[in-house]
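Q: One structure follows; several queries about it will come next.
The values are calculated or read from the model by the stated rules, or taken from the named source; none is laboratory data. Quick caveat, the model's predicted, so the values are computed rather than measured. Backbone-built Cβ (ideal geometry, glycine too); neighbour counts: all protein chains shown.
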Amino acid sequence: MSPEFWIAQSFNGISYGALLFLLASGLSLIFGVMRIVNLAHGSYFMLGGYVGLTVALRTQSFTLACIAAAVAIGLVGIGMERFFLRRLHNEVLGQVLMTIGFALIFQDLALLIWGGDPYTVPIPRMLTGTVRVGGAVFPIYRIFIVGVAIVVGLALWLVLDRTRVGAMIRAAVDDAEMAQGVGIDVPRVSLAVFAVGAALAALGGVIGGGFLGVYPGADFEVLPYAFVVVIVGGLGSLPGAVAGSLLVGLLDNFGKALFPELSYFTLFAPMALILALRPTGLFGRS
Amino acid sequence: MTMRRSILLLLLGLGAAALLPASSPAQGGGPIKIGLLAPLSGAFSATGKDMLVGTEQYLDEIGRTVAGRKIELIVEDTEGTPATALTKARKLVDQDKVHVLTGGLLASTGYALQPFVDSVRVPTTFPVIAADDLTQRKPARWIVRTGWTTSQPMHPFGEWVAKTLKHKRIVTIGMDYAFGWETVGGFQRTFEDNGGQIVQKIWTPLNTNDFSPFLAQIRRDSDAVLALFVGRLALQFMKQYEAAGLKDRVPLLGGGTTTDESVLPQMGDEAIGAITALHYSAAIDTPQNRKFATAFEGKAGKSASYYSEATYTGTRWIAEAIKAIGGRVEDRDALLAALRRVEIKDAPRGPIAVDQWNNPVQTIYVRKVEKVGGKLQNTVIATFPAVGQFYKYNPDEYMKAPLYSRDYPPCKHC
Amino acid sequence: MIGRRALLAAAAVVALAAVGPFLPAYPLTLLTQALIVGILAMSLDVILGYTGLSSLGHAAYFGVGAYAVAIMATERQAGLLACLAMGVLLAAATAAVFGLLAIRATGTYFLMITLALGMVIWGLAFRWVSLTKGDNGIAGVPRPVLGPLDLSGPVPFFYFCLLSALVAWALMGLLVVSPFGLGLRGIRGSETRMRALGYNVWLHKYAAFVISGVFAGFGGTLWAYYNGFVSPNDVQLVTSVETLLMVALGGPGTLIGPALGAGIIVFLKNFVSVYTKRWLLILGGTYIGVILFAPSGIVGALRGRRR
């Protein structure tokens, strides 16, 4: 294997991990604060992609598509949490079934509204094309994805680390009861975290839609990846989400390149192993 | 107490309703019932819809009547799952008492239905299912295929690429399942028989959406790439093939579904120049195809694809067979025999007849993606008339060799 | 402890057995399907309803049982008893291995691990083509013949499945009222309390997991005979999730409830899709409706219980 191979594959793994980070960082925080199992998180990704597609086609603006998708799906997330999920505190089975019910409904609605054909989200001209460094070729769009992930990651870190709201979130992740006890409005914080998580997933859907496309079935395809990242990285941990995304992106990529016959093994077997050894994930706390 | 009562009543009601037959049993002189199995929900629903619209388009053209009897179309959703397809097939046969069964999309559905159809002795047609072996080593007695086999278009294509395009070294990349193996296998056989070499075979897992690990492996010193993808994977692959800088370096060839009209409109200019082979193209320039394609676009709001032509012509096939026996569909053996004898000279895809293994002999088209009038289309650049599933090979010799698979034909030049 | 519930269930079984030969072919085949899926749902209830562990990968053991039968029956022409035994044994072995990895976790983590393990089996079904024929699936599984008894007709096969479901229900029923089963319910209530009382909680959970897998595998063996066909679709995530719904709909922790839930879902799926293409919407609504309006499931609601 030439050095170009390793460089190219590593870059591919990192850029795919960047997309996963957008999808999973919000999920990690949602898990951490609310301990909610949301099997509709993949649906946020897919719906975000579809909404972004429609907006991009109508307005020719990729930026507007991203914003519209994030806002729209954030609102959907708020609606789900406020009116349906809030009453299922700590009931794992109930959360699983309710969120799956929503996922199925979203799937059928998407089919009804956008039809079953696959589409790709149109991306701005300046993001197409490749750059060559030495013998290796890097698509500009994938560099863009890494850039977006870094910006989002930094923003999240700044909020969590430097602001009062961030402190409240971190307190709620540590111990929600205690946080409520010292006067933090945990339900409000939870709602905000849920909305941001959904919005981030939707943003991931639009950006991912540029090279992965939007199509029926994207929701359940991307969901296991999101969960693997969160579980491996640890609930409620931002550094965990970063580490998990990179790890999953690289594992999946190298797994597909080196052992394509074992594509699910290379992803889930390490996850099962990590969990067997460290049940709370790499960065999580029990 | 009322909650309990209402639940019990609801259960009883559901149970009773479920046991009632949905339609009356058939008698001679009543309507002719055709059962259509298609994936109308789930990931394949767009294709299922195409199949349904194609069927209804033909039925409407003949006023839903044939040989003096009305036709009743009963449609069931397979959800893209073979177990569900089997359950729905049982419903169509046992409860609705259909005279003819048709449809199905996936190879697994075909294999699942085969023993069932033979056990209930209902004449069945497969307009789309392309798994090679269904009409080769273990054919079913009661199934007539009116569509194609996967390797059928690839045999002439491989020869043409070697002789006309004069490519010598080709890399293949395809989906890692039987549809992919049979496409690549068929191409490899004739390409290498005519002096070419397959220098690399890449198989992508079915759930891939990021092709970069595979694109990075493609040998840049090859003459062309043969790609086999379906649906959204074709769309993604095209985009990523260009994004990886390969489009301008290595010409792209493909199996027909890679540029099928069900995904071609969603592709951009990156698809232009791709050369593929199939038994149909929406751009075939004959009066009957233009008529069909325009009517379909009017009905469905999108371009006709091989899926819709498959069920359009497939339904006509059934109608012709029924006409040939004067509408006496209750005589199953006669209907089956008639299905085997149908010949259509002017289908949108050209002339079709079936061979002794109940598979079509038809024209194969080599198509090139071009932008005409602002829209992408599969322009026909070469035709091969009367191609059967075994091409120029002796059928017995052909079937003695193994079925095309991941490792067959072996990659001698890899 | 033969309660009123068991008598009612016995009456239902007798009614089914009497009515079977007179039903038209299609409802009979749906009923047979409901019985087989009912065994799967009951097996999940052992680990979910009685032990309190939500598993999202239960289709894995179902699938292992089904594939075992399919491979043995088509490649080795093995008889009914050999296939059943192999299916159940392999499912038990799979559950034994997976249990070692999964039982350490609880709650959400357990859910995720079982999901991942379920996907590993799915991946194997897809990729191990030389064994499972991959995406094409394995076709041509003949209906079983047991000595002089030919079970291939729809009515004899229905009786076979009815008997199997009865046996499975009886065995699992005995399990959940035994001291071991009571221990499981205690663990569902509070693990720390049970540990304090001196129970080996890990061993209880692990045993429940394996037993649950055994019965799921048993259901899988019947499934292979029912369809005559097995494919990776039988072990996909959706199957595991639907099984969860059946348990929740019927009533977790009641055994007969999940069997009833299975019947309802089977009939609902096949019935509703005749009248509307939007049946996914209806199914999704059912999921939500069950949680909102009948959290203890149907059997729970019939007993007048509201959480």
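Q: Within region A:163-191, can you find the residues that are assigned to a loop (DSSP other than H, G, I, E, B) and either surrounded by 20 or more Cβ atoms within 10 Å (Cβ to Cβ) or small (Gly, Ala, Ser) (or both)? Can you show your working first?
A: Restricting attention to region A:163-191, the residues satisfying the condition of being assigned to a loop (DSSP other than H, G, I, E, B) are A:163, A:175, A:182-185.
Passing the criteria: only A:Gly183.
Q: Given the conditions (1) at pLDDT 90 or above; (2) more than 21 Å from B:Asn378 (Cα to Cα), report the number of the one that B:Pro265 does not fulfil.
A: (2)
Q: Having 3 or more residues that are more than 19 Å from A:Tyr215 (Cα to Cα) and touching a Cys at 6+ places or on another chain (Cβ under 6 Å) is the bar; report the strands (runs of 3 or more DSSP E) wholly within region B:211-304 that clear it.
A: Values: elements: B:224-228, B:252-255, B:275-278.
Strands (runs of 3 or more DSSP E) meeting the threshold: none at all.
Q: Would you check if there is a residue in region B:226-245 being within 14 Å of chain A (Cβ to nearest Cβ), touching a strand residue (DSSP E or B) at 6+ places or on another chain (Cβ under 6 Å) and under 20 Å from B:Lys166 (Cβ atoms)?
A: No, the conditions are met nowhere in region B:226-245.
Q: Could you list all residues from region B:152-186 that are touching a Lys or Arg at 6+ places or on another chain (Cβ under 8 Å) and assigned to a loop (DSSP other than H, G, I, E, B)?
A: Across region B:152-186, the qualifying residue is only B:Asp176.
Q: If you don't mind, another one. Of the residues C:Ala116, C:Ala95, which is over 11 Å from C:Gly213 (Cβ atoms) and buried (at least 24 other Cβ atoms within 10 Å of the Cβ)?
A: Testing whether each residue is over 11 Å from C:Gly213 (Cβ atoms) and buried (at least 24 other Cβ atoms within 10 Å of the Cβ) leaves just C:Ala116.
Q: So, one more: Taking C:Thr106 as the residue in question, decide whether it is over 30 Å from B:Leu134 (Cβ atoms), surrounded by fewer than 17 Cβ atoms within 10 Å (Cβ to Cβ) and either within 14 Å of chain A (Cβ to nearest Cβ) or among the aromatic types (Phe, Trp, Tyr) (or both).
A: yes
Q: Just one of the numbered conditions (1) buried (at least 19 other Cβ atoms within 10 Å of the Cβ); (2) within 14 Å of chain B (Cβ to nearest Cβ) is not true of A:Ile143; which one?
A: Exception for A:Ile143: condition (1).
Q: Taking B:Thr257 as the residue in question, decide whether it is without any contact (Cβ under 8 Å) to a residue 12 or more places away in the chain and under 28 Å from B:Val342 (Cα atoms). Write out each step before concluding.
A: Values: without any contact (Cβ under 8 Å) to a residue 12 or more places away in the chain: no; under 28 Å from B:Val342 (Cα atoms): yes.
The answer is no for B:Thr257.
Q: Residues to consider are B:Gly245, B:Gly255; find the one that is in the same structural domain as B:Lys166 (by TED's automatic domain parsing), touching a Ser or Thr at 6+ places or on another chain (Cβ under 6 Å) and modelled with pLDDT under 90. Steps first, please.
A: On the way: B:Gly255 fails: modelled with pLDDT under 90.
Checking each option against the conditions leaves just B:Gly245.
Q: Identify, by number, the condition in (1) touching a residue at least 12 places away in the same chain (Cβ under 8 Å); (2) on the phi < 0 side of the Ramachandran plot; (3) more than 14 Å from chain A (Cβ to nearest Cβ) that C:Gly137 doesn't meet.
A: Unmet condition: (2).
Q: Right, another one. Quick check on region C:235-249: of everything there that is farther than 17 Å from C:Thr51 by Cβ and more than 11 Å from the chain's Cα centre (by Cα), which residue is farthest from the other protein chains (Cβ to nearest Cβ)?
A: Checking each candidate, the answer is C:Val235.
Q: Tell me which residues, restricted to region C:56-88, are in a helix (DSSP H, G or I), of a type in the set (A, V, I, L, M) and free of Cβ contacts under 8 Å to residues at least 40 places away in the same chain.
A: Matches in region C:56-88: C:Met72, C:Ala82, C:Ala85, C:Met86.
Q: Got a sec? Which of C:Leu101, C:Leu111 is surrounded by fewer than 21 Cβ atoms within 10 Å (Cβ to Cβ) and either in a helix (DSSP H, G or I) or more than 9 Å from every other protein chain (Cβ to nearest Cβ) (or both)? Even if it seems obvious, please write down each step before you answer.
A: On the way: C:Leu111 fails: surrounded by fewer than 21 Cβ atoms within 10 Å (Cβ to Cβ).
The match here is C:Leu101.
Rundown of residues vs (1) away from chain C (no Cβ under 13 Å); (2) assigned to a helix (DSSP H, G or I); (3) in contact with a Pro (Cβ under 9 Å, 6 or more places away or on another chain), yes/no style:
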site	(1), (2), (3)
A:Leu19	yes, yes, no
A:Ala24	no, yes, no
A:Leu53	yes, yes, yes
A:Ala70	yes, yes, no
A:Met80	no, yes, no
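Q: Now for a separate question. Any residue that is more than 14 Å from chain B (Cβ to nearest Cβ), surrounded by fewer than 24 Cβ atoms within 10 Å (Cβ to Cβ), closer than 16 Å to C:Cys161 by Cβ and in contact (Cβ under 8 Å) with a residue 60 or more places away in the chain - is there at least one of those in region C:32-50?
A: Within region C:32-50 (the criterion being more than 14 Å from chain B (Cβ to nearest Cβ), surrounded by fewer than 24 Cβ atoms within 10 Å (Cβ to Cβ), closer than 16 Å to C:Cys161 by Cβ and in contact (Cβ under 8 Å) with a residue 60 or more places away in the chain), the answer is no, since none of the residues qualifies.
Q: Would you point out which residue out of B:Ile62, B:Ile32 is in contact (Cβ under 8 Å) with a residue 24 or more places away in the chain, more than 23 Å from B:Leu106 (Cα to Cα) and crowded, with 21+ Cβ neighbours inside 10 Å?
A: Numbers: B:Ile62 fails: crowded, with 21+ Cβ neighbours inside 10 Å.
Answer to the check: B:Ile32.
Q: If you don't mind, there's one more thing I want to ask. Answer yes or no: is there a residue in region B:209-217 that is within 23 Å of B:Asp269 (Cβ to Cβ), crowded, with 19+ Cβ neighbours inside 10 Å, of a type in the set (Ser, Thr, Tyr) and more than 7 Å from chain A (Cβ to nearest Cβ).
A: Looking through region B:209-217, none of the residues is within 23 Å of B:Asp269 (Cβ to Cβ), crowded, with 19+ Cβ neighbours inside 10 Å, of a type in the set (Ser, Thr, Tyr) and more than 7 Å from chain A (Cβ to nearest Cβ).
Q: Every residue in region B:270-303 that is within 17 Å of B:Ala234 (Cβ to Cβ), buried (at least 21 other Cβ atoms within 10 Å of the Cβ) and among the aliphatic types (A, V, I, L, M), please.
A: Result: B:Ala271, B:Ala274, B:Ile275, B:Ala277, B:Leu278, B:Ala282.
Q: Ok, one more. For the list (1) closer than 24 Å to A:Pro122 by Cβ; (2) part of a loop (DSSP other than H, G, I, E, B); (3) within 14 Å of another protein chain (Cβ to nearest Cβ), I need the number of the one condition that B:Leu206 fails.
A: Result: B:Leu206 fails condition (1) only.
Q: Starting from region B:39-52, keep only residues that are at the interface with chain A (Cβ under 8 Å from one of its Cβ atoms), then list their pairs with residues that are of a type in the set (Lys, Arg) and surrounded by fewer than 24 Cβ atoms within 10 Å (Cβ to Cβ) whose Cβ atoms are within a distance under 8 Å, requiring at least 6 positions of separation or different chains.
A: B:Ser41/C:Lys277
Q: Which residues, counting only those in region A:115-136, are of a type outside the set (Gly, Ala, Ser) and buried (at least 19 other Cβ atoms within 10 Å of the Cβ)?
A: Residues satisfying the conditions are A:Asp117, A:Pro118, A:Tyr119, A:Thr120, A:Val121, A:Ile123.
Q: Turning to a different aspect of this structure: Within region A:112-119, identify whether any single residue is within 20 Å of A:Phe211 (Cβ to Cβ) and within 13 Å of chain C (Cβ to nearest Cβ), and answer yes or no. Give the derivation first.
A: Taking region A:112-119 first, the residues within 20 Å of A:Phe211 (Cβ to Cβ) are A:114, A:117-119.
Imposing the further condition that a residue be within 13 Å of chain C (Cβ to nearest Cβ) reduces the set to none.
Checking region A:112-119: not a single residue is within 20 Å of A:Phe211 (Cβ to Cβ) and within 13 Å of chain C (Cβ to nearest Cβ).
Q: A follow-up question, please. Considering B:Gln356, B:Gln389, B:Gln362, B:Gln377, which residue is touching a strand residue (DSSP E or B) at 6+ places or on another chain (Cβ under 7 Å) and more than 30 Å from B:Arg219 (Cα to Cα)? Don't jump to the end; show me each part of the working.
A: Details: B:Gln356 fails: touching a strand residue (DSSP E or B) at 6+ places or on another chain (Cβ under 7 Å); B:Gln389 fails: touching a strand residue (DSSP E or B) at 6+ places or on another chain (Cβ under 7 Å); B:Gln377 fails: more than 30 Å from B:Arg219 (Cα to Cα).
Exactly one residue qualifies, and that residue is B:Gln362.
Q: Within region B:95-112, count every residue that is within 22 Å of B:Ile32 (Cα to Cα), within 8 Å of another protein chain (Cβ to nearest Cβ) and either crowded, with 24+ Cβ neighbours inside 10 Å or without any contact (Cβ under 8 Å) to a residue 24 or more places away in the chain (or both).
A: Going residue by residue through region B:95-112, those that are within 22 Å of B:Ile32 (Cα to Cα) are B:95-104.
Still in the running and within 8 Å of another protein chain (Cβ to nearest Cβ): B:95.
Now narrow it down to the ones that are either crowded, with 24+ Cβ neighbours inside 10 Å or without any contact (Cβ under 8 Å) to a residue 24 or more places away in the chain (or both): none.
Here the count works out to 0.
Q: Out of all the residues in region A:192-251, which are hydroxyl-bearing (Ser, Thr, Tyr) and either part of a helix (DSSP H, G or I) or under 13 Å from the mean Cα position of the chain (by Cα) (or both)? Don't jump to the end; show me each part of the working.
A: Filtering region A:192-251 down to residues hydroxyl-bearing (Ser, Thr, Tyr) leaves A:215, A:225, A:237, A:245.
Selection gives A:Tyr225, A:Ser245.
Q: Shifting gears a bit: Within region C:256-284, can you find the residues that are modelled with pLDDT of 85 or more, over 22 Å from the mean Cα position of the chain (by Cα) and within 7 Å of another protein chain (Cβ to nearest Cβ)?
A: C:Leu281
Q: Taking region A:241-256 on its own, how many of its residues are surrounded by fewer than 21 Cβ atoms within 10 Å (Cβ to Cβ) and at the interface with another protein chain (Cβ under 9 Å from one of its Cβ atoms)?
A: Taking region A:241-256 first, the residues surrounded by fewer than 21 Cβ atoms within 10 Å (Cβ to Cβ) are A:243, A:246, A:250-251, A:254.
Of the ones still in play, those that are also at the interface with another protein chain (Cβ under 9 Å from one of its Cβ atoms) are A:254.
Residues that pass the stated criteria total 1.
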